[in-house]
Every structure is written in C-alpha cells, then in structure tokens.
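Read-outs: derived from the displayed coordinates by stated rules, not from any lab. Predicted model only: the values in this text are computed from it and were never measured. Glycine also receives a Cβ, built like all others from the backbone with ideal geometry; neighbour counts cover every protein chain displayed.
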Amino acid sequence: MKKLGLIVNPIAGMGGAVGLKGTDGREILNKARTLGAKLIAPKRAELFLSFLKPLKNEIQIMAAAGMMGASEAQNIGFKCGIFGEAKDETSAIDTKNAAKEMLDEGVDLFVFCGGDGTARNIMDTVDAHLPVLGVPTGVKMHSAVFAFNPESAASITSRFLFERLPLREAEVMDVDEEAFRNGRVSARLYGYVLTPYEPNLVQSMKVASPITEDELRNQAAIAVYFIEKIIVPDVIYIVGPGTTTRTITDLLEEKKTLLGVDLLYNRKIIAYDVNENEILKRIQNRNAKIVVTPIGGQGFIFGRGNQQISSSVIRKVGTKNIIIIATKSKLGQLKNLRVDSGDPLLDKEICGQINVVADYEEQYSMMIE
C-alpha cells in the first residue's frame, strides 16, 4: 500500500471571513474566535479525503492525532496510523514534530492542509527529502506548493502515487501578517520543497503587479471607465483588494483599504475593511455588485486573500453581479481565471466565459475554471 502523510492545521483560514488576514499568534486567533470565526481546514481536509475514498484500500494514511488529520481521515472512513497526541490547542511545534515522525516512517507523499505558514513549518522539517503538496485552507497562499482546491489535490495525490507524476522545486513564500493587516505586503521567499508537477492543477507563485508607467496608465483607464460607464446610483459595490481596484477609489478621492474589502455606495466608501458578517448585514435588501481583480500569476478571483467575500456573500449578490477588472499585463500572464470559494457547487456555477474590463471601453473574454 502507498503511504500518505497527512497534517491539518485546524485553525488555518479562520481569519479570512472575519477580515483578519491570517491567524498567526494567539492574540489574533482569540480575536478571530470572538468575531465568530469558524473552522475551515478540517472541512476542507475531509473534502480532499472524500475524493480519495475510492482508493482507501490502496492508501494507508499516516496522520497527526486529533483534528490535525486523524479525526478527518476517520470521519471519511479511512483507517490510519496516528502520530502524536490529540490536543485542543495546536501549534507549529506540533506540525513539525508530526512531520518529523512521518519523515522517519517513510511516507510516499506528504499532504498538508493549511496556508503559507504551515508550508513553512513543513519545509523546515521535510526540506527536499519528501514530496509535499498543499491543500489550500489558509488566508494567504502565495506559495507554489498548493493545488487549486481540494479536488485538484486529490487528483494530484492519486496520479502521483499510482502514475508517478514528475517532481519540481516549488517556492515556499510567506507574508508578514502584521504588516499585511496594516496595508503593507511584506512577502519573502523562504525556500523550496519538492512538489508533484501538474501545471493544470497546481497554482503558481503569486506575482506582484509591475510598477511601471504603462501599468499605472492602464489602471487609471480602467478606473475612469468604471466610474463613467459602470457605477450606477443606489448600488453597493463590494470592492476587493488590489491596486487596480484601489485606483477607482483614488479617482473618486476616497481612500480604499489596499488589502481589505471595502463597500462603495454612491461614489463614497461607506465601510472600510469589512468582514463577511458586515457585508451580509449591509447588503440585506439592497442591490449589490462585487468588484474584484485576479491574483497575479495565479488567476484566482475568489478564495485567495479575499475570503470576506464568502460563498454566502456571492450567493446573496448573485453570480451575474460579479465585475472583474484587470490590466492587460496581468491578463497576459494568465491562461484563465480560477475560483475557490469553499463551495464546490457555487464554483461550478461561476465557471465559464466572462468579460474582464482591461482598459477604457475594452474588455477581454476569459474562461473561469
């Protein structure tokens, strides 16, 4: 039987919907809980495992105890070897200790469910000694070790274990969460791990927008077109993060939260850095639209850094009320757009052709997959 190592960071992703941009540190985790944050990673882990269930007699799962993997595997019907002791509160040390034990056990593939911080913990222990794959469950996922979603992760796992996909060195990135919460992106490359190579199922590293005169002019042209031709009165615009979306509010002489989600109404920002619950309250019985720009190099419009715009928010607004804007240089890096809202059925509804505003009175047709 093939041996699959599994570690789940149970608190990964909790800060997303409540607008905290991560859960690094006990204080932020407690704040997330106070705001009503829900566990994300265990459900995403179970979804990943459910796609592997037809292979449960051919895969032996070696999992960290409790909610760090064993509970999720058992809930889906897998028998598994268990490492460590189940704890109510887990930490990076627990992740590293479990990874060390699994490395000694000689698993064929190491799958973790978390974000960039968890990827760093795994890299510190495993280095290049064992193939690693991430199931995206965090808030910030800039690294190139993640599958597009749990279903993609399951497909890669199956193909690697039984068809031997090739390996590549994948970048492990992370962002300073405190700086991120204060509107500054302080990202750095921490190292590399070996990851199964399937370019149609594994995301690329996040690419920052270039700061060039052409890029700034393109952003300004998009913003002018949006203000002149798209904005209508008495509609709440849920404006996602990014420099392209921020240019719209700059021209309206309104100061947007660069890395947060703001609400624009009648050309004025009426709420800054809102979370999921605040959005749902504000748009109750109101007309609303969502304005987002894709993640550079990855193409995600939902599910990476804007989890405040949750599946509940998208369903409330309606998939026909999604507006995508992006510069030509960003679109030139992308074959298609992607969505990972956490709701697979909603993702399928969103998928298909969509027009992206790329300049003044200029739109490109892109495929969402």
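Quick notes on this one:
- Here's how it looks for Gly299: its modeled amide H is under 5 Å from none belonging to a residue 5 or more places away or on a different chain.
- Local electrostatic count at Glu215 - Lys and Arg +1, Asp and Glu -1, tallied over other residues with Cβ under 11 Å: +1
- Proximal lysines relative to Lys87, as straight alpha-carbon distance under 23 Å, when same-chain residues fewer than 8 apart are discounted: Lys31, Lys38, Lys43, Lys79, Lys96, Lys100
- Mean-position separation - Cα centroids, segment 186-211 and segment 228-298, in angstrom: 28 Å
- Counted residue by residue at 0.36 nm each, then reduced by the alpha carbon distance between them, the extension gain from Asn285 to Lys79 reaches 69.4 nm.
- With contacts taken as Cα pairs under 8 Å and at least 6 residues apart, segment 1-130 reaches a relative contact order of 33 percent.
- The chain, dipole about Cα centre (Lys/Arg Cβ +1, Asp/Glu Cβ -1), debye to the nearest 20: 760 debye
- Extension gain, Asn266 back to Gln333 (0.36 nm per residue minus Cα-Cα distance, nm): 20.8 nm
- When each of the peptides 134-144, 204-214 is scored by the mean number of other C-beta atoms lying within 10 Å of its residues, the order from highest to lowest reads 134-144, 204-214.
- Residues listed by number, segment 273-296, amide nitrogen under 12 Å from Val207 label point at 7 Å toward C-beta: 295-296
- For segment 71-77, 3J(HN,Hα) computed residue by residue from phi via the Karplus equation (6.51, -1.76, 1.60; θ = phi - 60°) reads 4, 5, 5, 5, 4, 8, x Hz, glycine and proline entered as x.
- Partners of Lys330 within straight-line reach, counting aspartates and glutamates whose Cα lies under 14 Å from its Cα and excluding those fewer than 8 residues away in the same chain: Asp214, Glu215, Asp359.
- Computed over the chain: relative contact order in percent, which uses C-alpha pairs under 8 Å that are six or more apart: 14 percent
- Of the residues Met14, Met67, the one with the fewest other Cβ atoms within 10 Å heads the list, and the complete ranking is Met67, Met14.
- With Cα atoms, 0 to 90° folded angle of helix 41-52 axis to the chain main axis: 70 degrees
- Net +/- balance of residues flanking Thr195 in space, Cβ distance below 10 Å, scoring K and R +1, D and E -1: -2
- Degrees separating the helix 150-163 axis from the principal Cα axis of the chain, which is the longest one: 40 degrees
- Note on Asp343, Asp94, Asp262, Asp250: ascending count of other Cβ atoms within 10 Å places them as Asp250, Asp343, Asp94, Asp262, the fewest first.
- The length gained on full extension between Ser365 and Ala86, counted as 0.36 nm times the residue separation minus their Cα-Cα distance, comes to 95.5 nm.
- Bridge type composition, segment 2-196 - antiparallel percent by DSSP, nearest 5: 30 percent
- 3J(HN,Hα) from dihedral phi, segment 99-108, Karplus parametrisation 6.51/-1.76/1.60, rounded to Hz, x for glycine, proline: 4, 4, 5, 5, 4, 5, 6, x, 6, 7
- Ranked by the mean number of other Cβ atoms within 10 Å of their residues, highest first, the peptides 68-80, 281-293 come out as 68-80, 281-293.
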